[in-house]
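Chemist: Please find one structure pasted underneath; my questions will follow.
The values are calculated or read from the model by the stated rules, or taken from the named source; none is laboratory data. Note that the structure is predicted; figures quoted are calculated from it, not measured. Every residue, glycine among them, receives a Cβ derived from its backbone with ideal geometry; neighbour counts consider all protein chains shown. The accessibility values were calculated without ligands, DNA or RNA, using every heavy atom of the protein model including side chains. Shrake-Rupley method; radii C 1.70, N 1.55, O 1.52, S 1.80 Å.
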Amino acid sequence: MLIMGGGECFRLALFFLLASYNVLAIENKGLCSSAFDYKDALEKAILFFEGQRSGKLPASQRVEWRGNSALSDGEPDNVNLTGGYYDAGDNVKFGWPMAFTVSLLSWTAVEYPKEISSIKQLCYLRRAIRWGTNFILQAHTSPTTLYTQVGDGNADHQCWERPEDMDTARTLYKITSDSPGSEAAAEAAAALSAASIVFKTVDSNYSSSLLSHSKSLFDFADKYRGSYKDSCPFYCSYSGYQDELLWAAAWLYKATGDETYLTYVLSNQGWSQAVSEFSWDNKFAGAQMLLAKEFYSGMNDLSKFKTDMESFVCALMPGSSSQQIKTTPGGLLYIRDSSNLQYVTSSSMLLFFYSKTLNATPIGGIQCGSVHLSASEIGAFAKSQVDYILGKNPMNMSYMAGFGSKFPLQVHHRGASIPSIRVLPEKVNCNDGYSRYYNSGKPNPNIHVGAIVGGPDSNDHFNDARSDYSHAEPTTYMNAAFVGSVAALLAQTQTQTEQECLQFLRVNTPVSPVHTV
């Protein structure tokens, strides 16, 4: 948590005022106080993932309006592809963004274990990670085969059905040496190496299995280079695969300490670009953040990544002479209209990480052209983005379902918008779902607690309409990045022991695959 004295608070308020930042930043309950219950926000953000689960649900399932679903996934190819997460408000499992979700959740667990443990959420976070890594392990059926999607996206998007009822084709998509997809394979490698760090002290065998698969997937991605396009038109690669290769190599180096991966990063540092977003498609800033931290640890030959990371920060920060991304009148970063909060949460996550890194160095800040920004200023702006999402905005509403007194009631989500099978046991078919529930003006019968929606438009306006998927639909990777952002604002209290957490995982997590490839 950022702790600031009166002089620091005054300087921060003046900074934002001069940057033409909105008046919210200098209210009495502004940057120098906690206006929200971040503990509650984190708990809800993690709980969201239980509502996105596919497969057979455990007895410990807390989101009770969900039931077992898609229990035959993988059968056409005689493989087990049950489990994993539904990507957003639909019933398709997209492996590439699912792996990115796991990478973000794992990164948060690596960076803030004490803070998250202090509010008894570390075990729940590890469960959320493991639900995703189990699926990735199952999907990686050979050194050069990775299943990347389950479900026909076009057919699914023509139906409005609960996951428990769905009868659309569960088409399988995979990448192989003959039909490669380096982005998807490298992201899976990044996710598994990051997760291997998370589980290293609580389940060493599982951690070793994750790392073994990660190395194999990275080799697959690098040796058989080719852009991933099978999931279009829903998840197309626009930035290419070089960012994912750097991202995966950086995580493998962090997980193993193997100089081979550091050499790979250095040999290919020319790939690194100055960017202004961090997303399921573009991982450059994530790789740059990981490697900038290594630079500050004494690895001076990684200076390009530090410089590129500074460019990312300067592009976002109000008051920076090299600012590229503007804010709404209410102070929200605005990158693009469709699901803008995905970029806000991921940007905030990196800004918090960089602020934390700078605080550990003697320099304590960066230069953006003629403007010097301190670590505190960077962290304070990231906090303003979290606070905006939680309710400090012109609409005076939270963009997280179930948080605060005013939040979206018509979240664009099939399962949440149709009564639970426990309440309505009869099947709701494709067309009935549209006519009876999708087009209804009533609130969803199930509050998808913790779900962060796409957010307001460029004028801070939000129309709470189920049909407005660009602004009303949640995604796993949007929530995962928010988990990383709000975790930075937690204060440390009592810490769960590793033994408690290991026992919790054993009791409440289904048996997971542990094998090598």
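Chemist: Looking at Leu358 and the list (1) aliphatic (A, V, I, L, M); (2) surrounded by fewer than 20 Cβ atoms within 10 Å (Cβ to Cβ); (3) out of contact with any Leu (no Cβ under 7 Å at 6 or more places or on another chain); (4) in contact (Cβ under 8 Å) with a residue 12 or more places away in the chain, which single condition is not satisfied?
Modeler: The one condition Leu358 does not meet is (2).
Chemist: If I filter the range 161-202 down to residues being assigned to a loop (DSSP other than H, G, I, E, B) and touching a helix residue (DSSP H, G or I) at 6+ places or on another chain (Cβ under 7 Å), which single residue comes out as most open to solvent (accessible area, probe 1.4 Å)?
Modeler: Lys200
Chemist: Do we find that Ser212 is assigned to a helix (DSSP H, G or I), surrounded by fewer than 24 Cβ atoms within 10 Å (Cβ to Cβ) and touching a Pro at 6+ places or on another chain (Cβ under 6 Å) in this structure?
Modeler: Answer is no for this residue.
Chemist: Any residue in the range 391-416 that's within 24 Å of Asp432 (Cβ to Cβ): show its pairings with residues that are of a type in the set (Ser, Thr, Tyr) and surrounded by fewer than 24 Cβ atoms within 10 Å (Cβ to Cβ) at Cβ separation under 7 Å, as long as the two are six or more apart or on different chains.
Modeler: His412/Tyr469
Chemist: Of these, Ser458, Ser470, which one is of a type in the set (S, T, N, Q) and open to solvent by 40 Å² or more (accessible area, probe 1.4 Å)?
Modeler: Result: Ser458 is the single residue among Ser458, Ser470 that is of a type in the set (S, T, N, Q) and open to solvent by 40 Å² or more (accessible area, probe 1.4 Å).
For (1) among the small types (Gly, Ala, Ser); (2) surrounded by fewer than 23 Cβ atoms within 10 Å (Cβ to Cβ), each residue gets a yes or a no:
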site: Lys56; (1), (2): no, yes
site: Glu64; (1), (2): no, yes
site: Asn68; (1), (2): no, yes
site: Asp73; (1), (2): no, no
site: Asp77; (1), (2): no, yes
site: Asn80; (1), (2): no, yes
site: Ala88; (1), (2): yes, no
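Chemist: Name the helices (runs of 4 or more DSSP H) wholly inside the range 327-432 in which the number of residues that are of a type in the set (D, E, K, R) and under 28 Å from Gly89 (Cα atoms) is 2 or more.
Modeler: 375-390
Chemist: Right, here's the next one. How many of the residues in the range 224-234 are modelled with pLDDT under 95 and either open to solvent by 20 Å² or more (accessible area, probe 1.4 Å) or touching an Asp or Glu at 6+ places or on another chain (Cβ under 9 Å) (or both)?
Modeler: Matching residues across the range 224-234 total 6.
Chemist: Among the residues of the range 288-314 satisfying the criterion of being within 23 Å of Gly369 (Cα to Cα) and within 21 Å of the chain's Cα centre (by Cα), which is surrounded by the fewest Cβ atoms within 10 Å (Cβ to Cβ)?
Modeler: Lys293
Chemist: Next question, about the same structure. Restricting attention to the range 47-54, does a residue exist that is farther than 20 Å from Phe199 by Cβ, touching a residue at least 12 places away in the same chain (Cβ under 8 Å) and of a type in the set (A, V, I, L, M, F, W, C)?
Modeler: For the range 47-54, residues farther than 20 Å from Phe199 by Cβ, touching a residue at least 12 places away in the same chain (Cβ under 8 Å) and of a type in the set (A, V, I, L, M, F, W, C): present.
Chemist: Determine, yes or no, whether Ala274 is open to solvent by 40 Å² or more (accessible area, probe 1.4 Å) and of a type in the set (Gly, Ala, Ser).
Modeler: In short, yes.
Chemist: Do we find that Leu409 is open to solvent by less than 10 Å² (accessible area, probe 1.4 Å), of a type outside the set (S, T, N, Q) and at pLDDT 95 or above in this structure?
Modeler: It is false that Leu409 is open to solvent by less than 10 Å² (accessible area, probe 1.4 Å), of a type outside the set (S, T, N, Q) and at pLDDT 95 or above.
Chemist: On to the next question. Within the range 361-370, restricting attention to residues that are touching a Ser or Thr at 6+ places or on another chain (Cβ under 8 Å) and at pLDDT 95 or above, which residue is surrounded by the fewest Cβ atoms within 10 Å (Cβ to Cβ)?
Modeler: Among those that are touching a Ser or Thr at 6+ places or on another chain (Cβ under 8 Å) and at pLDDT 95 or above, it is Gly365.
Chemist: Which residues, taken from the range 109-134, are aliphatic (A, V, I, L, M), under 17 Å from Gly450 (Cα atoms) and part of a helix (DSSP H, G or I)?
Modeler: Ile116, Leu122, Leu125, Ala128, Ile129
Chemist: Quickly run through the range 375-392 and pick out the residues that are open to solvent by 10 Å² or more (accessible area, probe 1.4 Å) and farther than 16 Å from Leu490 by Cα.
Modeler: Selection gives Gly391, Lys392.
Chemist: Related question: Looking at the range 239-261, can you tell me whether even one residue there is under 19 Å from the mean Cα position of the chain (by Cα), surrounded by fewer than 21 Cβ atoms within 10 Å (Cβ to Cβ) and not in a helix (DSSP H, G or I)?
Modeler: Looking through the range 239-261, at least one residue is under 19 Å from the mean Cα position of the chain (by Cα), surrounded by fewer than 21 Cβ atoms within 10 Å (Cβ to Cβ) and not in a helix (DSSP H, G or I).
Chemist: Let me ask something else. Please indicate, with yes or no, whether at least one residue in the range 318-330 is of a type in the set (Lys, Arg) and closer than 30 Å to Asn396 by Cβ.
Modeler: There is at least one residue in the range 318-330 that is of a type in the set (Lys, Arg) and closer than 30 Å to Asn396 by Cβ.
Chemist: With buried (at least 21 other Cβ atoms within 10 Å of the Cβ), touching a Ser or Thr at 6+ places or on another chain (Cβ under 7 Å) and of a type in the set (A, V, I, L, M, F, W, C) as the only criterion, which of Ala221, Ala285 stands out?
Modeler: Ala221
Chemist: Kindly indicate the residue of the range 135-157 that is aliphatic (A, V, I, L, M) and not in a helix (DSSP H, G or I) and also surrounded by the most Cβ atoms within 10 Å (Cβ to Cβ) among those meeting that condition.
Modeler: Leu146
Chemist: I would also like to ask the following. Does Gly402 fit the bill of being at pLDDT 95 or above, of a type outside the set (D, E, K, R) and crowded, with 19+ Cβ neighbours inside 10 Å?
Modeler: No.
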